[in-house]
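Chemist: What follows is a structure written as C-alpha coordinates; I'll ask about it next.
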Amino acid sequence: MAAKVALLSLTFCVAFLATGSADPDLLQDVCVADFASGVKVNGFTCKENITADDFFFAGLAKPGLTNNTFGSLVTAANVQKIPGLNTLGVSMARIDYAPGGLNPPHTHPRATEMVFVLEGQLDVGFITTTNVLIPKTIKAGEIFTFPKGLVHFQKNNGQVPAAVIAAFGSQLAGTQSIGATLFAAQPPVPDNVLTKAFQVGTKEVQKIKSRFTPKK
Ligand SMILES: *[C@@H]1O[C@H](CO)[C@@H](O)[C@H](O)[C@H]1NC(C)=O
Ligand SMILES: *[C@@H]1O[C@H](CO)[C@@H](O)[C@H](O)[C@H]1NC(C)=O
(Lines give C-alpha, C1' and ligand atoms only; values in the text may rest on other atoms or scores of the structure.)
(Ligands and ions follow the chains in the order given, each with its own letter.)
Protein backbone atom coordinates (compact mmCIF):
# COMPACT_ATOMS: atom_id res chain seq x y z
CA MET A 1 0.00 0.00 0.00
CA ALA A 2 2.74 2.43 1.03
CA ALA A 3 4.73 1.47 -2.05
CA LYS A 4 1.68 2.06 -4.19
CA VAL A 5 1.15 5.51 -2.65
CA ALA A 6 4.85 6.32 -3.13
CA LEU A 7 4.71 5.20 -6.76
CA LEU A 8 1.57 7.28 -7.27
CA SER A 9 3.15 10.41 -5.78
CA LEU A 10 6.29 9.84 -7.84
CA THR A 11 4.15 9.57 -10.97
CA PHE A 12 2.36 12.81 -10.07
CA CYS A 13 5.67 14.48 -9.33
CA VAL A 14 7.18 13.45 -12.68
CA ALA A 15 3.97 14.43 -14.47
CA PHE A 16 4.05 17.83 -12.74
CA LEU A 17 7.70 18.40 -13.64
CA ALA A 18 7.01 17.37 -17.22
CA THR A 19 4.08 19.76 -17.60
CA GLY A 20 5.32 22.50 -15.28
CA SER A 21 8.42 23.40 -17.28
CA ALA A 22 9.08 24.62 -20.81
CA ASP A 23 12.10 23.32 -22.73
CA PRO A 24 14.41 20.98 -20.75
CA ASP A 25 16.81 22.62 -18.31
CA LEU A 26 20.47 23.42 -19.09
CA LEU A 27 23.34 21.16 -18.03
CA GLN A 28 26.05 23.64 -19.13
CA ASP A 29 26.50 27.36 -19.94
CA VAL A 30 25.77 27.12 -23.64
CA CYS A 31 25.17 24.56 -26.35
CA VAL A 32 25.25 26.47 -29.63
CA ALA A 33 23.44 24.41 -32.26
CA ASP A 34 25.68 22.55 -34.68
CA PHE A 35 23.40 22.30 -37.72
CA ALA A 36 26.14 20.46 -39.62
CA SER A 37 26.10 17.53 -37.21
CA GLY A 38 24.22 14.49 -38.44
CA VAL A 39 23.58 13.34 -34.87
CA LYS A 40 19.89 13.33 -33.94
CA VAL A 41 19.11 14.53 -30.42
CA ASN A 42 16.24 16.36 -28.72
CA GLY A 43 17.23 19.81 -30.02
CA PHE A 44 20.67 20.11 -31.61
CA THR A 45 24.16 18.92 -30.70
CA CYS A 46 26.67 21.54 -29.52
CA LYS A 47 29.22 23.34 -31.73
CA GLU A 48 32.86 23.18 -30.65
CA ASN A 49 33.82 26.85 -31.11
CA ILE A 50 31.34 29.67 -30.57
CA THR A 51 31.26 33.39 -31.42
CA ALA A 52 29.06 36.35 -30.54
CA ASP A 53 27.31 35.97 -33.89
CA ASP A 54 25.87 32.64 -32.72
CA PHE A 55 23.76 34.72 -30.29
CA PHE A 56 22.98 37.63 -32.63
CA PHE A 57 20.20 38.36 -35.12
CA ALA A 58 19.20 41.64 -36.79
CA GLY A 59 16.25 40.21 -38.69
CA LEU A 60 13.48 41.79 -36.61
CA ALA A 61 14.63 45.37 -37.19
CA LYS A 62 12.55 45.95 -40.30
CA PRO A 63 8.88 45.22 -41.06
CA GLY A 64 8.23 42.00 -42.98
CA LEU A 65 6.38 42.07 -46.32
CA THR A 66 2.64 41.58 -45.80
CA ASN A 67 1.54 41.45 -49.46
CA ASN A 68 0.34 37.84 -49.23
CA THR A 69 -3.00 36.01 -48.93
CA PHE A 70 -3.45 36.66 -45.23
CA GLY A 71 -1.90 40.12 -45.12
CA SER A 72 0.51 39.18 -42.33
CA LEU A 73 4.04 37.88 -41.97
CA VAL A 74 5.79 36.14 -39.08
CA THR A 75 9.55 36.66 -38.96
CA ALA A 76 10.98 34.11 -36.55
CA ALA A 77 13.97 34.67 -34.27
CA ASN A 78 14.25 31.09 -33.05
CA VAL A 79 17.05 28.52 -32.79
CA GLN A 80 17.02 28.11 -36.57
CA LYS A 81 18.12 31.75 -36.90
CA ILE A 82 20.04 32.08 -33.63
CA PRO A 83 21.94 28.81 -33.00
CA GLY A 84 22.96 30.03 -29.53
CA LEU A 85 19.32 29.61 -28.40
CA ASN A 86 19.74 25.83 -28.44
CA THR A 87 18.82 24.52 -24.94
CA LEU A 88 18.00 28.03 -23.63
CA GLY A 89 14.21 27.64 -23.77
CA VAL A 90 13.28 31.02 -25.27
CA SER A 91 12.77 32.64 -28.67
CA MET A 92 11.11 35.65 -30.28
CA ALA A 93 9.39 36.70 -33.48
CA ARG A 94 8.15 39.82 -35.17
CA ILE A 95 4.72 39.78 -36.79
CA ASP A 96 3.62 42.44 -39.24
CA TYR A 97 0.01 42.99 -40.32
CA ALA A 98 -1.32 45.00 -43.26
CA PRO A 99 -4.63 46.82 -42.65
CA GLY A 100 -7.15 43.95 -42.59
CA GLY A 101 -4.33 41.42 -42.16
CA LEU A 102 -4.86 38.20 -40.21
CA ASN A 103 -2.45 35.83 -38.51
CA PRO A 104 -4.84 32.89 -38.94
CA PRO A 105 -5.88 30.56 -36.08
CA HIS A 106 -2.93 28.40 -35.05
CA THR A 107 -1.29 26.77 -32.04
CA HIS A 108 2.26 26.51 -30.69
CA PRO A 109 2.63 22.99 -29.28
CA ARG A 110 5.75 23.80 -27.26
CA ALA A 111 5.32 27.33 -25.91
CA THR A 112 3.26 30.03 -24.31
CA GLU A 113 3.48 33.25 -26.35
CA MET A 114 3.43 36.88 -25.22
CA VAL A 115 3.01 39.67 -27.76
CA PHE A 116 4.04 43.30 -27.25
CA VAL A 117 2.40 45.68 -29.72
CA LEU A 118 4.98 47.90 -31.49
CA GLU A 119 2.48 49.86 -33.57
CA GLY A 120 -1.16 49.83 -34.59
CA GLN A 121 -4.01 47.94 -32.98
CA LEU A 122 -5.05 44.27 -33.08
CA ASP A 123 -8.10 42.22 -32.22
CA VAL A 124 -6.67 39.05 -30.71
CA GLY A 125 -7.97 36.03 -28.86
CA PHE A 126 -7.40 32.47 -27.78
CA ILE A 127 -9.88 29.63 -27.37
CA THR A 128 -9.87 27.34 -24.36
CA THR A 129 -10.30 23.56 -24.51
CA THR A 130 -13.93 24.13 -23.46
CA ASN A 131 -14.42 26.35 -26.56
CA VAL A 132 -14.55 29.66 -24.73
CA LEU A 133 -13.12 32.57 -26.75
CA ILE A 134 -11.00 34.97 -24.69
CA PRO A 135 -10.87 38.09 -26.90
CA LYS A 136 -9.10 41.44 -26.44
CA THR A 137 -8.26 44.54 -28.43
CA ILE A 138 -4.65 45.59 -27.88
CA LYS A 139 -2.74 48.66 -29.02
CA ALA A 140 0.83 49.99 -29.12
CA GLY A 141 2.68 49.40 -25.86
CA GLU A 142 0.30 46.69 -24.62
CA ILE A 143 0.88 42.98 -24.04
CA PHE A 144 -1.32 39.92 -24.46
CA THR A 145 -0.60 36.27 -23.61
CA PHE A 146 -1.54 33.13 -25.53
CA PRO A 147 -1.29 30.03 -23.31
CA LYS A 148 0.78 27.09 -24.54
CA GLY A 149 -1.03 24.84 -27.01
CA LEU A 150 -4.27 26.86 -27.26
CA VAL A 151 -5.63 28.00 -30.63
CA HIS A 152 -5.22 31.76 -31.13
CA PHE A 153 -5.19 34.52 -33.76
CA GLN A 154 -4.47 38.22 -34.32
CA LYS A 155 -6.42 40.46 -36.73
CA ASN A 156 -5.64 44.02 -37.76
CA ASN A 157 -9.02 45.68 -38.13
CA GLY A 158 -7.40 49.13 -38.25
CA GLN A 159 -6.65 51.40 -41.21
CA VAL A 160 -2.88 51.38 -40.67
CA PRO A 161 -0.25 48.62 -40.44
CA ALA A 162 0.32 46.89 -37.10
CA ALA A 163 3.29 45.02 -35.68
CA VAL A 164 4.15 43.00 -32.59
CA ILE A 165 7.21 41.46 -31.00
CA ALA A 166 6.39 37.97 -29.74
CA ALA A 167 8.22 36.06 -27.01
CA PHE A 168 8.05 32.26 -26.63
CA GLY A 169 9.02 29.88 -23.83
CA SER A 170 10.77 27.52 -26.23
CA GLN A 171 13.77 27.67 -28.55
CA LEU A 172 11.42 26.40 -31.30
CA ALA A 173 7.76 26.82 -30.37
CA GLY A 174 6.42 25.08 -33.49
CA THR A 175 3.33 26.31 -35.32
CA GLN A 176 0.31 24.39 -36.52
CA SER A 177 -1.95 26.64 -38.57
CA ILE A 178 -5.40 25.07 -38.37
CA GLY A 179 -6.42 25.76 -41.99
CA ALA A 180 -3.16 24.62 -43.54
CA THR A 181 -2.82 21.64 -41.18
CA LEU A 182 -6.20 20.23 -42.22
CA PHE A 183 -6.50 21.42 -45.82
CA ALA A 184 -2.92 21.52 -47.12
CA ALA A 185 -1.31 18.46 -45.48
CA GLN A 186 0.68 16.17 -47.79
CA PRO A 187 -0.44 13.51 -48.35
CA PRO A 188 -3.88 15.15 -48.05
CA VAL A 189 -6.26 14.51 -45.16
CA PRO A 190 -9.01 12.40 -46.86
CA ASP A 191 -12.05 14.40 -48.01
CA ASN A 192 -14.34 12.01 -46.12
CA VAL A 193 -12.58 12.90 -42.86
CA LEU A 194 -13.08 16.61 -43.47
CA THR A 195 -16.69 16.35 -44.74
CA LYS A 196 -17.66 14.45 -41.59
CA ALA A 197 -15.60 16.69 -39.28
CA PHE A 198 -17.02 19.93 -40.68
CA GLN A 199 -20.48 18.60 -41.62
CA VAL A 200 -20.24 19.83 -45.22
CA GLY A 201 -20.07 18.23 -48.67
CA THR A 202 -17.05 17.08 -50.69
CA LYS A 203 -17.35 20.15 -52.97
CA GLU A 204 -16.91 22.55 -50.06
CA VAL A 205 -13.92 20.60 -48.76
CA GLN A 206 -12.27 20.53 -52.19
CA LYS A 207 -12.91 24.25 -52.61
CA ILE A 208 -11.10 25.03 -49.36
CA LYS A 209 -8.28 22.63 -50.29
CA SER A 210 -7.85 24.43 -53.63
CA ARG A 211 -7.40 27.76 -51.81
CA PHE A 212 -4.47 26.30 -49.88
CA THR A 213 -2.77 24.87 -52.99
CA PRO A 214 0.47 26.79 -53.51
CA LYS A 215 0.24 28.96 -56.67
CA LYS A 216 2.70 27.79 -59.33
C1 LIG B 1 38.04 24.97 -32.68
O2 LIG B 1 39.13 25.78 -32.35
C3 LIG B 1 40.33 25.06 -32.15
C4 LIG B 1 41.39 26.04 -31.66
O5 LIG B 1 41.47 27.17 -32.50
C6 LIG B 1 40.73 24.37 -33.44
O7 LIG B 1 41.90 23.60 -33.27
C8 LIG B 1 39.60 23.44 -33.90
O9 LIG B 1 39.90 22.88 -35.16
C10 LIG B 1 38.30 24.21 -33.98
N11 LIG B 1 37.20 23.29 -34.26
C12 LIG B 1 36.32 23.47 -35.25
C13 LIG B 1 35.25 22.41 -35.39
O14 LIG B 1 36.34 24.43 -35.99
C1 LIG C 1 5.48 41.71 -52.39
O2 LIG C 1 6.23 42.91 -52.56
C3 LIG C 1 7.60 42.70 -52.88
C4 LIG C 1 8.32 44.04 -52.82
O5 LIG C 1 7.53 45.08 -53.29
C6 LIG C 1 7.70 41.99 -54.22
O7 LIG C 1 9.06 41.76 -54.55
C8 LIG C 1 6.95 40.67 -54.14
O9 LIG C 1 6.94 40.04 -55.40
C10 LIG C 1 5.52 40.88 -53.68
N11 LIG C 1 4.90 39.58 -53.44
C12 LIG C 1 3.67 39.27 -53.82
C13 LIG C 1 3.18 37.91 -53.48
O14 LIG C 1 2.95 40.06 -54.43
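The values are calculated or read from the model by the stated rules, or taken from the named source; none is laboratory data. Predicted model only: the values in this text are computed from it and were never measured. Every residue, glycine among them, receives a Cβ derived from its backbone with ideal geometry; neighbour counts consider all protein chains shown. Heavy atoms of the whole protein, side chains included, go into the accessibility calculation; ligands, DNA and RNA do not. Shrake-Rupley method; radii C 1.70, N 1.55, O 1.52, S 1.80 Å.
Chemist: I need the shape label for the stretch 37-101. Rule: rounded when a/c is under 1.5, else prolate if a/b > b/c, else oblate, with a, b, c from the alpha carbon gyration tensor.
Modeler: Prolate shape, in that a/c is at least 1.5 and a/b is the bigger ratio.
Chemist: Right, here's the next one. Skip the ligands, DNA and RNA, and give the accessible area per residue of the stretch 173-216 with a 1.4 Å probe, whole Å².
Modeler: 77
Chemist: Okay, next question. Quote the FRET efficiency, to the nearest 0.05, computed for GLN199 versus ASP123 with a Förster distance R0 of 22 Å and r equal to the Cβ-Cβ distance.
Modeler: Taking R0 as 22 Å, the efficiency between GLN199 and ASP123 is 0.20.
Chemist: So, counting K/R as plus one and D/E as minus one, what does the shell of residues with Cβ under 15 Å around HIS152 add up to?
Modeler: After counting each charged neighbour, the total is +2.
Chemist: Go through ILE50, ALA167, ALA33 and say which Cα lies farthest out towards the positive end of the charge dipole of the chain; charges sit on Cβ, +1 for Lys and Arg, -1 for Asp and Glu.
Modeler: ALA167
Chemist: Sorting check: for 190-197, 101-108, 122-129, which peptide has the highest mean count of neighbouring beta carbons within 10 Å, and how do the rest follow?
Modeler: Result, highest mean first: 101-108, 122-129, 190-197.
Chemist: Report the residues of the stretch 77-113 in range of a label on LYS62: point 7 Å along Cα→C-beta, backbone N strictly under 16 Å from it.
Modeler: Answer for this model: 94-96.
Chemist: While we're on this one: What accessible surface, in Å², does a 1.4 Å probe find on PHE35, ignoring ligands, DNA and RNA and rounding to the nearest 10?
Modeler: Around 100 Å² of this residue is reachable by solvent.
Chemist: Out of the total accessible area of the chain (probe 1.4 Å, heavy atoms of protein only), what percent is carbon and sulfur?
Modeler: Carbon-and-sulfur percentage of accessible area, whole number: 64.
Chemist: Still on this structure, I have one more. Counting only heavy atoms of protein chains, what accessible area per residue, in Å², does the stretch 2-171 have with a probe of 1.4 Å?
Modeler: 59
Chemist: Might you report the magnitude of the Cβ-based charge dipole of the chain about its Cα centre, with Lys and Arg at +1 and Asp and Glu at -1, to the nearest 20 debye?
Modeler: It works out to roughly 920 debye.
Chemist: What area, in nm² and to one decimal, does the C-alpha convex hull of the chain cast on average over all directions?
Modeler: One quarter of the hull surface, i.e. the mean projection, equals 17.6 nm².
Chemist: So what's the net charge close to LEU85: Lys and Arg +1, Asp and Glu -1, counting the other residues with Cβ under 15 Å from its Cβ?
Modeler: -3
Chemist: At 222 nm, what value in deg cm²/dmol follows for the chain if DSSP H runs of at least 4 each add -39500 (n - 2.57) and the sum is divided by all its residues, to the nearest 500?
Modeler: -6000 deg cm²/dmol
Chemist: Now for a separate question. List the residue ranges in the chain for DSSP H helices whose C-alpha atoms run 24 angstrom or more along the long axis and whose Kyte-Doolittle average is -1.0 or above.
Modeler: 2-20
Chemist: Can you send over the solvent-accessible area of THR45, 1.4 Å probe, protein chains only, in Å² to the nearest 10?
Modeler: Looks like 30 Å² after rounding.
Chemist: For ALA36, what is the net charge nearby, where nearby means another residue's Cβ is under 15 Å from its Cβ and Lys, Arg count +1, Asp, Glu -1?
Modeler: -1
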